[in-house]
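> Right, I'll just put the structure down here and ask away after.
The values are calculated or read from the model by the stated rules, or taken from the named source; none is laboratory data. Just so you know, these numbers come straight off a predicted model, no measurement behind them. Here the Cβ is made from the backbone with ideal geometry for all residues, glycine too, and neighbour counts use every protein chain on show. Keep in mind that these areas ignore ligands, DNA and RNA; they rest on the heavy atoms of the full protein, side chains included. Shrake-Rupley method; radii C 1.70, N 1.55, O 1.52, S 1.80 Å.
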Amino acid sequence: MSSWNTFKEKIESCLCPPGNGVFTVNTAKERKEALHMSLYGQTENIDAVWKASVETLPSSERKAVMLGISSDCGGGILRGANWGPLFLRATLNEQQPDVNAFDIGDIRVIPHLLHDKYLNDATIGSCHKALYPDTDKQYSVSPLSITEDVCDDFYAEFPNKGIFGIGGDHSISYPLTKAYLKAKRSQGKRVAIIHFDAHTDLLVERLGIDLCFGSWCTHILEYLPSPQNLIQFGIRSSGKNKQHWESTFGVKQHWAHEIRERGCEPIVNEVIAQLKSDNIDELYVSFDIDALDASFAAATGTPEYDGMTPDEALFILEQLNKEFPITAADMMEIAPFTDSSHSGKVASDSTLKEGAKLSAFLINAINNS
């Protein structure tokens, strides 16, 4: 069997059609059908239509490949980011119709699981039977593990394409970035992670769990050319100051108050100079929607005020992309049903609107890389 056929078999086993990643019976049925109608022009026999679409991936000229990971098990404040992939796709289709990504579908998620290393053999066995009743192949069963496995094979099969991942909580960026960094290292590429977030995500562990929304950055540092090639924008909610994080982990940070006080342009120029000095070839952008001020993005698990504006974030991305190709990216932590500001649908609509606008830029950047 060819490598493509082997990978296609894995896709068909480990993924499901776009929007179907949340395991429910009737919830959001109309929303899923609307998405399928916009993607495929029909709502019946979606599994077969999706599999036929996957067949065309090798011949597709689109570099950006969309992957949904509907898991919020790695979060820990307000849940609900598992709905991000369905709602953000719908918003992209409605508000950014010119975006042209190849949609490969959603990771199949058992919502109680995080990573296979936290499971015993009996649990893995029973979950394997639930997810893969028709195969004896030993696929992973937890969302982080499945995502890394699928992305490893994706980059091996398509080294010139890039994943645009939609979450889900920010733990999902661990397998997305890890697979990307391993692939780029094997290609001899020097890459940097550009991370937008209100929080550092640099814990070593949280309540004994080392792979979660607050610790994923710590565990991908070893795969970067240097820790300073993790560059963070928008930080403002932290029990430690900037000096602590930079001196402890060697990362580079540009806090939200610095962006307000100094302006975007001098800061992004410093970042570009650093990246050029480090001989960086390509960029991965990981965007937690809470990097934006809560007045723009309240529908998320940990909204924070005094943050970045969408225009500031977009300006930084535009300037970086003028100098370096963005070859993969993700958009995380959009939780459409979760709104601590109590403004309901208004906050959800605003969060999705800004998330879609930034996602559209990132997808176009990948396609043009």
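> On the protein heavy atoms, probe 1.4 angstrom, tell me the percent of accessible surface of region 202-308 carried by carbon and sulfur.
Within region 202-308, the accessible surface is 47 percent carbon and sulfur.
> Further question: Expressed as a whole percentage, what fraction of the accessible surface of region 51-179 belongs to carbon and sulfur atoms when a 1.4 Å probe is rolled over the protein heavy atoms?
Of the solvent-accessible surface of region 51-179, carbon and sulfur hold 46 percent.
> Compute the distribution of all C-alpha to C-alpha distances in region 210-369, in bins of 10 Å from 0, and list the percent of pairs in each, rounded to whole numbers.
Computed distribution, short to long bins: 10, 38, 40, 12, 1.
> Given the rule -39500 (n - 2.57) for each run of at least 4 DSSP H residues, summed and divided by the residues of the chain, what is its mean residue ellipticity at 222 nm, to the nearest 500 deg cm²/dmol?
Calculated mean residue ellipticity at 222 nm is -13000 deg cm²/dmol.
> Quick one: net charge around residue 63, please, counting Lys, Arg +1 and Asp, Glu -1 for every other residue with C-beta under 13 Å from its C-beta. Don't skip to the end; give the middle numbers.
Values: positive: 62, 161; negative: 61, 282.
Taking every Cβ under 13 Å from that of residue 63, the sum is 0.
> For region 4-68, calculate the relative contact order in percent as a whole number, restricting contacts to Cα pairs under 8 Å that are 6 or more residues apart.
Dividing the mean separation by the residue count of region 4-68 yields 37 percent.
> Would you kindly compute the Cα radius of gyration of region 1-139 and its largest Cα-Cα separation (Dmax), both in Å?
When restricted to the Cα atoms of region 1-139, Rg and Dmax are 15.8, 47 Å.
> With the alpha-carbon atoms as the only input, what is the per residue convex hull volume for region 135-197 in Å³?
Convex hull volume per residue, Cα atoms: 99 Å³.
> Lysines near residue 242 by alpha-carbon distance under 25 Å, same-chain residues fewer than 8 away left out - which ones?
Here the lysines satisfying the reach criterion relative to residue 242 are 178, 252, 276.
> Got a number for the accessible area of residue 254? Probe 1.4 Å, square angstrom, nearest 10.
For residue 254, the solvent-accessible surface is approximately 20 Å².
> If you don't mind, another one. Keeping the other protein chains in place, figure out the carbon and sulfur percent of the accessible area of region 2-43, with a 1.4 Å probe. Each step should come with its number before you reach the end.
Working: 1050 of 2070 Å².
So the carbon and sulfur contribution to the accessible surface is 50 percent.
> Continuing with this model, one more query. If DNA, RNA and ligands are ignored and the probe is 1.4 Å, what is the ranking of 61, 258, 222 by accessible area, most exposed first? Please report the intermediate quantities before stating the final value.
Working: 61 175, 258 30, 222 130 Å².
Order by accessible area, largest first: 61, 222, 258.
> Restricting to Cα pairs below 8 Å that are 6+ residues apart, what does the relative contact order work out to for region 93-250? Please round to a whole percent.
Working: 177 pairs, mean separation 27.1, N = 158.
Averaging sequence separation for qualifying contacts and normalising by length gives 17 percent for region 93-250.
> Starting from the Cα of residue 129, draw a straight line to each of the aspartates and glutamates and keep only those under 14 Å, dropping any in the same chain fewer than 8 residues away.
Residue 129 reaches 121.
> Based on C-alpha coordinates, I'd like the Rg and Dmax of region 166-255, in Å.
Radius of gyration, then largest Cα-Cα span, for region 166-255: 12.6, 38 Å.
> What figure in square angstrom, to the nearest 10, would you give for the accessible area of residue 223 with a 1.4 Å probe?
40
> If you average the sequence gap of Cα pairs under 8 Å that are 6 or more apart and divide by the length of the chain, what percent do you get for the contact order? All intermediate terms of the calculation are to be shown ahead of the outcome.
Working: 747 pairs, mean separation 72.0, N = 369.
This gives 20 percent for the chain.
> Springs between alpha-carbon atoms under 10 Å, Gaussian network over the chain: tell me which of 306, 47, 288 tops the mean-square fluctuations.
In this elastic network of the chain, the residue with the biggest mean-square fluctuation among 306, 47, 288 is 47.
> Something else now. If you work out volume of the Cα convex hull per residue in Å³ from the coordinates, which of (i) 132; (ii) 181; (iii) 157 do you get?
(i)
> Might you work out the accessible area of residue 244 for me, using a 1.4 Å probe with all protein chains in place, and round it to the nearest 10 Å²?
Residue 244 exposes around 60 Å² with every protein chain in place.
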